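Below: the structure, in structure tokens.
The values are calculated or read from the model by the stated rules, or taken from the named source; none is laboratory data. Since we're looking at a predicted model, the values are computed, not measured. Don't worry about glycine lacking a Cβ; one is built from the backbone with ideal geometry, like all the others, and counts go over all protein chains shown. Remember, those area values only see protein heavy atoms, side chains included, never the ligands or the DNA or RNA. Shrake-Rupley method; radii C 1.70, N 1.55, O 1.52, S 1.80 Å.
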Amino acid sequence: MKRVHIVGPPRSGTTLMLELMITGFQFSKVFNNETSLFLLPENIPADTTMCSKNPQDYRLVEYIIDKDSDIWFISLLRDPRDVVTSRHNKRPGVYWTNLRQWRDWLNKTVPFKQHDRFIEVRYEELVKDPVQLQLAERLRFLQMTHRFSDYHKFTKPSVQSLEAMGSVRAVNNDSVGNWRNNLPRLAGQLKIHGPVTEELIHLGYENDDQWLTLLNGITPDTRPGVWPEFLSPEYIRQMQKQHQARLRIYLEKRGLL
């Protein structure tokens, strides 16, 4: 079995990445909706190739990447300003995620950026010049079927995928930089979670802090989004314990304990 699992902060392009992968490459088993990494079908043939995604499973990379050599992660990187100002069709009137969650993804995935089975894909590059050939080079066990640029002609997305993407259309970069149309929300996130310029410069999104002049005179919008702005220490501890317990069950099923 070989499995490609797509992760990233919410609203970073994981749904589009899933649709591109399962349309552009041949898999023998695909999960069209968000699926936990720990969900494993019974009696998997050795030659099975699988593709799945769950944005929140970026938290699981540290637990499993060195324990199961048949898992490859694709992790989506997107400008945090576009991430926190993006909306979802499930709750169109409410912003979806926040800087806390984006930073959590960043901190948990930085240690694995050079790992052979961890592939970081920048959303802005994906929608400008699809990175299929680079992925094919890293995932040599997969056979290409359609070009990413033609995916909209062949994809058959689930209802959940359509909700996340809005519609099926050719890959384009129309949403890049949309944060400029949502300055109150961005100002509110900086007020709640602190500055993000250092990360923007480090990741190559900005050269300096001049972009902050766009926020001069903007009244911060601090209304809550769908995801909570903060998690309690107790919640985090319980989540870590749950991950460890589910990991053990998964490794036992895989015969890796």
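Values computed for the structure shown
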| item | result |
| --- | --- |
| Candidate set: region 20-38, residues that are within 18 Å of the chain's Cα centre (by Cα) and open to solvent by 30 Å² or more (accessible area, probe 1.4 Å); chosen: the one nearest to Val121 (Cα to Cα) | Ile22 |
| Residue among Leu251, Leu257 that is surrounded by 14 or more Cβ atoms within 10 Å (Cβ to Cβ) and either of a type in the set (Val, Ile, Thr) or out of contact with any strand residue (DSSP E or B) (no Cβ under 7 Å at 6 or more places or on another chain) (or both) | Leu251 |
| Residue within region 141-154 that is in contact with a Ser or Thr (Cβ under 9 Å, 6 or more places away or on another chain), closer than 20 Å to Arg78 by Cβ and among the polar types (S, T, N, Q) present | no |
| 2 or more residues within 19 Å of the chain's Cα centre (by Cα): qualifying helices (runs of 4 or more DSSP H) within region 140-227 | 159-165, 197-202 |
| Among the residues listed as Thr145, Thr219, Thr213, the single one being within 30 Å of Gln26 (Cβ to Cβ), exposed (fewer than 14 other Cβ atoms within 10 Å of the Cβ), at pLDDT 95 or above and of a type in the set (S, T, N, Q) | Thr145 |
| Filtered residues of region 148-164 (kept if touching a Leu at 6+ places or on another chain (Cβ under 9 Å) and either surrounded by fewer than 18 Cβ atoms within 10 Å (Cβ to Cβ) or β-branched (Val, Ile, Thr) (or both)) | Thr155 |
| Meets criteria (open to solvent by 10 Å² or more (accessible area, probe 1.4 Å), in contact (Cβ under 8 Å) with a residue 60 or more places away in the chain and under 20 Å from Arg248 (Cβ atoms)) for Arg59 | yes |
| Selected residue (only one of Val131, Val168, Val176 is in contact with a strand residue (DSSP E or B) (Cβ under 8 Å, 6 or more places away or on another chain) and hydrophobic (A, V, I, L, M, F, W, C)) | Val131 |
| Failed condition for Asn107, given (1) over 25 Å from Val226 (Cα atoms); (2) assigned to a helix (DSSP H, G or I); (3) of a type outside the set (D, E, K, R) | (1) |
| Residue satisfying condition, being closer than 25 Å to Val94 by Cβ, surrounded by 11 or more Cβ atoms within 10 Å (Cβ to Cβ), modelled with pLDDT of 95 or more and among the small types (Gly, Ala, Ser), within set Gly177, Gly225 | Gly177 |
| Cross-chain or 6+ apart pairs with Cβ under 8 Å, region 87-110 first and under 13 Å from Leu77 (Cα atoms) and touching a residue at least 12 places away in the same chain (Cβ under 8 Å), then open to solvent by 60 Å² or more (accessible area, probe 1.4 Å) and assigned to a loop (DSSP other than H, G, I, E, B) | Gln101/Trp227 |
| Members of region 20-49 that are in contact with a Phe, Trp or Tyr (Cβ under 6 Å, 6 or more places away or on another chain) and part of a helix (DSSP H, G or I) | Leu20, Thr23, Gly24 |
| Ser52, sole failed condition from (1) of a type in the set (Gly, Ala, Ser); (2) part of a loop (DSSP other than H, G, I, E, B); (3) under 25 Å from Glu125 (Cβ atoms) | (2) |
